[in-house]
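See below for the structure under consideration.
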């Protein structure tokens, strides 16, 4: 159905002789004879032709004036589909006797164009019940058509059609023709299009799309499975997401929850060709735009041609869907769509977490006392049944009839279990509750259960909200929406309950979904991923400044069975000498706690080396999580298990778009090996760029990517497919801080040189591997802009960018949760390792859906232990501890304390050439005159520090950099001890030995 303008859809009167004319066209021009049956159409004359052999075709006699370029576009698109490998079934143009696919024919009302297409078996989608699996199947088919048409071009593809979603501004002029209560709904859709959608369309991926997957153009077989799409009359160049939005708009019809019905369709589409996050941002609005366009054009054409019932085919379903979607908050709809394909629901949540977790904000606890140990309702716990989001009234509305108010939210007795979206803390009735951060009062509910909603801003201006429940209504009378409150200002007092202990409910929310004080306290368990992505864990608001870990008593377990000397002797005969030991006199360690290790004699050592035990040696929560799950079950990813899925979801919430597909392995080396496989599968190339002195793992594939190994003693030199780029070292490198300008761009020139060499050889890169901050190369912090420039160069050459976060991830750098964020980049693949399991063998690869799809080539990926339930529970516990103990903020604060102290030592000791780092990832480079590496002195300082009870290591190309990467359980007293010890060691060693 090609519809290009606002002219009335007038159908010329049908001449009784038309069937005979059509039969003659089929016979004489296309060599086809058989029985003709008329089919519906607006202005075209359509017939089904069945030959005596049972073959069937569609004969189309197009309306007078049909554009031959547009008809050729349809034929070219269909022929392209017919030849595309794996493309879904679609009608195929049949050539006429003279080879043409479109032939002009005389007709009673003038010359028309004739075409013949192969017949597609099936019933229209409108005749089947749209089950979840059928919707998913439809999504796969729409995506398969989009995928097959990607790259297809034609001179006529950029035509403007009123039915295209990009024509919304033109169609909006017809809104006055829409009568009754639908008019304001249509107006609101077009207003939203102008404000939110139109500014974003140009940046979206564009291609030729089918553009009309309505319920009559989708065919299904007798079982209801989708067999294909028909009617390519609206095919055109558009933002790719428009085709998905059109299919979703029609699929939403007839459902009580139209958006919920679309989610499986979207999931099916994502299986074939994942939509980008920026496409999901406009998908909901484009769905509604299609509904509004349909209603406007239907009203216009029907006004011009009241007798044409075909024009009203979809009107009822469209109107009903638009009404039902009218109460859906666009932000919440966006989050539901993201959650359906595995993204963190609210992309802004990362900014809020960073604001609170990186010590940018230092909230006061809402209650002065009574919080510690007083949690009686934990975040994420199952509680009483909760309402569906469709039952929640928008801000200013009323609660659903028949519901009961429990724990501060409207909840329905007849629904299933729910998940608590905040924390409930026991406290003394009447206790004052105060404002934790500078705030603006957003909403107050001073009846029933008293609720206060406060609005806050991150340093970048992103809004977020905190909610406080069960306040005495009488204490809230002075609060008014819009009132500004400083941190510490009183909010009210805790209500006296009718029974039981008094409790304060606290929530941290990134989007109110238009609900204000009616924001839910609990959500359906089946939608927990969505709602916990909007209502975050409020631990940062509840806990006071993190306390130092208690110093464990001296002494260890029972006396060891073997002396250190005997252990060393046994080790020499049963271990390879390739496995080294630290220090001239090895340590016999028997216990660890926090940032300390204990040897067999009971001596305590401050551990500034072990970044593996990220949240502290033997953290009790991590130990208990592993023990608890190991006592229940440990198996593999061939079985469903909630912990593994939950852990993947938690990781994705912490990563930027579009990183959302997880693979679990056992070590950083395995992670980087898998990242290499992903990169080569996606690009079809094998050459890899790495940084000089890099180390990415001990597997053969990773030794090949590690100059730290292959260029040092025992190494075999650079492999042919490895290309080494200059290390951007601002202290010892070619370009130096304080002397040269624009170091990031200058060092990235080396990446450009390696890529140019590849291009000259007729090759292209598979990947660029880089630690986000280089560890073994000497604790190197790259100059600003380096990774941004390097990533852009590699991507332009067709490669993918891999950030190795094995040593620096999970909050260690303090300012950010991930090291790559310090450079303002988002990689294509992230590898994680050591810190994830706090000593438990756990690692991961997270990548984009596009790269993950490239890996799905028929060969199964399986890792026996990767992603097992015990590891997942350990990983979840580590994330919980980082959050609850505010370890990212601690890393930033103590890192700044250490940097300040180290720089003070630098002023007093000429041996200290450079002090650098981020958070608790620090390096002290020891140098002699002219920046000559002080290798021997570094080794002596390491031993002198060890003699005083502090453990360090050295690294870097010349082994002259003191590495400082302790467990994040480090305390302020530990920092002061280390600075004193290091100062004494530097005095002892001096600049000569």
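Can you pull out every residue in the stretch 34-63 that is loosely packed, with under 13 Cβ neighbours inside 10 Å and over 19 Å from residue 120 (Cβ atoms)?
Selection gives 52 alone.
Scan the stretch 131-138 and give yes if some residue there is more than 27 Å from the chain's Cα centre (by Cα) and either modelled with pLDDT of 95 or more or crowded, with 19+ Cβ neighbours inside 10 Å (or both), otherwise no.
no
In the stretch 345-364, which residues are at pLDDT 90 or above and in a loop (DSSP other than H, G, I, E, B)?
Correct list: 345, 346, 347, 348.
Give the stretch 824-833 a look and list any residue that's surrounded by 24 or more Cβ atoms within 10 Å (Cβ to Cβ) and in contact with a helix residue (DSSP H, G or I) (Cβ under 7 Å, 6 or more places away or on another chain), or say none.
Residues satisfying the conditions are 827, 828, 829, 831, 832, 833.
Would you pick out the residues in the stretch 723-756 that are over 20 Å from residue 778 (Cβ atoms) and not in a loop (DSSP other than H, G, I, E, B)?
Within the stretch 723-756, 723, 745, 749, 752, 753, 754, 755, 756 qualify.
Any idea which of (1) over 44 Å from the mean Cα position of the chain (by Cα); (2) assigned to a loop (DSSP other than H, G, I, E, B) is the one residue 58 doesn't satisfy?
Single failed check for residue 58: (2).
If the requirement is being surrounded by fewer than 18 Cβ atoms within 10 Å (Cβ to Cβ) and within 27 Å of residue 280 (Cβ to Cβ), which of these qualifies: 661, 652, 645?
On the way: 661 fails: surrounded by fewer than 18 Cβ atoms within 10 Å (Cβ to Cβ); 652 fails: surrounded by fewer than 18 Cβ atoms within 10 Å (Cβ to Cβ).
From the options 661, 652, 645, the qualifying one is 645.
Going through the stretch 537-547 one residue at a time, which ones are under 23 Å from the mean Cα position of the chain (by Cα) and either modelled with pLDDT of 95 or more or in a loop (DSSP other than H, G, I, E, B) (or both)?
Answer for the stretch 537-547, where residues must be under 23 Å from the mean Cα position of the chain (by Cα) and either modelled with pLDDT of 95 or more or in a loop (DSSP other than H, G, I, E, B) (or both): 537, 538.
Can you confirm whether residue 192 is within 20 Å of residue 169 (Cβ to Cβ) and either modelled with pLDDT under 95 or touching a strand residue (DSSP E or B) at 6+ places or on another chain (Cβ under 8 Å) (or both)?
It is false that residue 192 is within 20 Å of residue 169 (Cβ to Cβ) and either modelled with pLDDT under 95 or touching a strand residue (DSSP E or B) at 6+ places or on another chain (Cβ under 8 Å) (or both).
For residue 337, indicate whether it is assigned by TED's automatic domain parsing to the domain that holds residue 176, modelled with pLDDT of 95 or more and not in a loop (DSSP other than H, G, I, E, B).
no
Could you please find all residues in the stretch 514-528 being surrounded by 23 or more Cβ atoms within 10 Å (Cβ to Cβ) and in contact with a helix residue (DSSP H, G or I) (Cβ under 8 Å, 6 or more places away or on another chain)?
Matches in the stretch 514-528: 520, 523.
For the stretch 700-721, indicate whether the set of residues that are over 22 Å from residue 913 (Cβ atoms), surrounded by 20 or more Cβ atoms within 10 Å (Cβ to Cβ) and modelled with pLDDT of 95 or more is non-empty.
So far as the stretch 700-721 goes, no, none of its residues is over 22 Å from residue 913 (Cβ atoms), surrounded by 20 or more Cβ atoms within 10 Å (Cβ to Cβ) and modelled with pLDDT of 95 or more.
If you go through the stretch 412-465, how many residues are farther than 30 Å from residue 526 by Cβ and outside any strand (DSSP E or B)?
15
Give, as residue ranges, the helices (runs of 4 or more DSSP H) completely inside the stretch 166-258 that count at least 3 residues that are at positive phi and without any contact (Cβ under 8 Å) to a residue 40 or more places away in the chain.
none
Please go through the stretch 495-512 and give me each residue that is out of contact with any strand residue (DSSP E or B) (no Cβ under 6 Å at 6 or more places or on another chain) and farther than 18 Å from residue 456 by Cβ, ordered by number.
Of everything in the stretch 495-512, those that are out of contact with any strand residue (DSSP E or B) (no Cβ under 6 Å at 6 or more places or on another chain) and farther than 18 Å from residue 456 by Cβ turn out to be 496, 497, 498, 499, 500.
The values are calculated or read from the model by the stated rules, or taken from the named source; none is laboratory data. Because the structure is a prediction, the values reported are computed rather than measured. Glycine also receives a Cβ, built like all others from the backbone with ideal geometry; neighbour counts cover every protein chain displayed.
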